[in-house]
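The values are calculated or read from the model by the stated rules, or taken from the named source; none is laboratory data. The shown structure was predicted, so the numbers you read here are calculated from the model rather than taken from an experiment. Note that we place each Cβ from the backbone using ideal geometry, even for glycine, and neighbour counts take in every protein chain shown. Note: areas computed on protein heavy atoms with side chains; ligands, DNA, RNA excluded. Shrake-Rupley method; radii C 1.70, N 1.55, O 1.52, S 1.80 Å.
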Amino acid sequence: MTMAEGGSMTGTGYTLVIGDKNYSSWSLRPWLAIKACGAPFEEERIRLRQADSKAEIFRHSPSGKVPALKTDIGVIYDSLSIMEYLAEQHPEAKLWPESREARAAARSISAEMHAGFQALRNDMPMDLISQLPMPEMNEVLDNNIRRIITVWHDTRERFGQGGPFLLGAFTNADAMYAPVATRFRTYGAPLADFGDDGTAAAYVETIYAMPEMADWRRGAETEMRERGLV
């Protein structure tokens, strides 16, 4: 677990340092996880893409990146590390499935998301409140989209009987893939053209139906209005 000295919790719970809600997919992931825990927390937001953004982030995170979670034992940084910590501290939230098989699958697809899909990140960056055209397709991006659709289909088929999320109930795996759902909506991705049988499209709707996603989107809209960008 990545951790640095000098972190602190507020009197009401954790402090989660995040970037712009419209753009920061990595911030959205642990934000959804901590919401699922029901743990009190405060947000500390840093405006990205500014001359002083990196310096501001370094004030909170030794990696120079958001998100970072301030706790009573220090600062935990990197989205997946934060989510692992939350799962340990809040077992009642079941951020990883109880079944050993399902838990292994959830961790595997979460790690795959964490480490891969670079073409998707580069060519279809998160821009939550916008409607943008699909980028010019290339083989790597095509493969990224098809692989995500396969992950969603196979995971739902194996473990999704208990609810609408990837493994039935909401888990860290859904937090990891939620920003992908926003990309598919932002760019109007024709999922059927990439082999979707309807499972991926339904999963995008499931993510957007979450009250937490509506809350995050309102925050993104507020931020963009404050900057005169909408």
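Of note:
- Long-range neighbours under 7 Å by Cβ, at least six apart or interchain, first residue surrounded by 15 or more Cβ atoms within 10 Å (Cβ to Cβ) within region 110-126, second aromatic (F, W, Y) and assigned to a helix (DSSP H, G or I): M113/Y177
- Among the candidates S61, S81, S27, the residue that is small (G, A, S), open to solvent by less than 10 Å² (accessible area, probe 1.4 Å) and part of a helix (DSSP H, G or I) is uniquely S27.
- Complete set of residues in region 66-78 that are closer than 24 Å to A181 by Cβ and either of a type in the set (V, I, T) or surrounded by fewer than 16 Cβ atoms within 10 Å (Cβ to Cβ) (or both): V66
- Candidates S24, S63 - the one that is out of contact with any His (no Cβ under 9 Å at 6 or more places or on another chain) and at pLDDT 95 or above: S24
- Top-ranked residue in region 133-178 [being of a type in the set (D, E, K, R) and farther than 17 Å from T206 by Cα; ranked as most open to solvent (accessible area, probe 1.4 Å)]: E136
- Residue in region 44-60 that is out of contact with any helix residue (DSSP H, G or I) (no Cβ under 9 Å at 6 or more places or on another chain), in contact (Cβ under 8 Å) with a residue 40 or more places away in the chain and β-branched (V, I, T) present: yes
- Taking the listed residues T182, T206, T222, T199, the one that is of a type in the set (S, T, N, Q) and under 25 Å from H90 (Cα atoms) is T206, with no other qualifying.
- A192 in contact (Cβ under 8 Å) with a residue 12 or more places away in the chain and among the aliphatic types (A, V, I, L, M): no
- Filter result for E92 (over 16 Å from A173 (Cβ atoms), surrounded by fewer than 19 Cβ atoms within 10 Å (Cβ to Cβ) and touching a strand residue (DSSP E or B) at 6+ places or on another chain (Cβ under 7 Å)): no
- Filtered by the rule that a residue be over 19 Å from S25 (Cα atoms) and assigned to a helix (DSSP H, G or I), region 38-57 gives a lone residue, A55.
- The one condition in (1) crowded, with 20+ Cβ neighbours inside 10 Å; (2) within 30 Å of L86 (Cβ to Cβ); (3) touching a His at 6+ places or on another chain (Cβ under 9 Å) that D196 fails to fulfil: (2)
- Checking every residue in region 208-218 against the condition of being in contact with a Phe, Trp or Tyr (Cβ under 6 Å, 6 or more places away or on another chain) and either part of a helix (DSSP H, G or I) or open to solvent by 20 Å² or more (accessible area, probe 1.4 Å) (or both) gives zero matches.
- From the list P97, P135, the lone residue that is under 18 Å from C37 (Cβ atoms), outside any helix (DSSP H, G or I) and touching a helix residue (DSSP H, G or I) at 6+ places or on another chain (Cβ under 6 Å) is P97.
- Flag for I129 being in a helix (DSSP H, G or I) and either open to solvent by less than 30 Å² (accessible area, probe 1.4 Å) or at pLDDT 95 or above (or both): no
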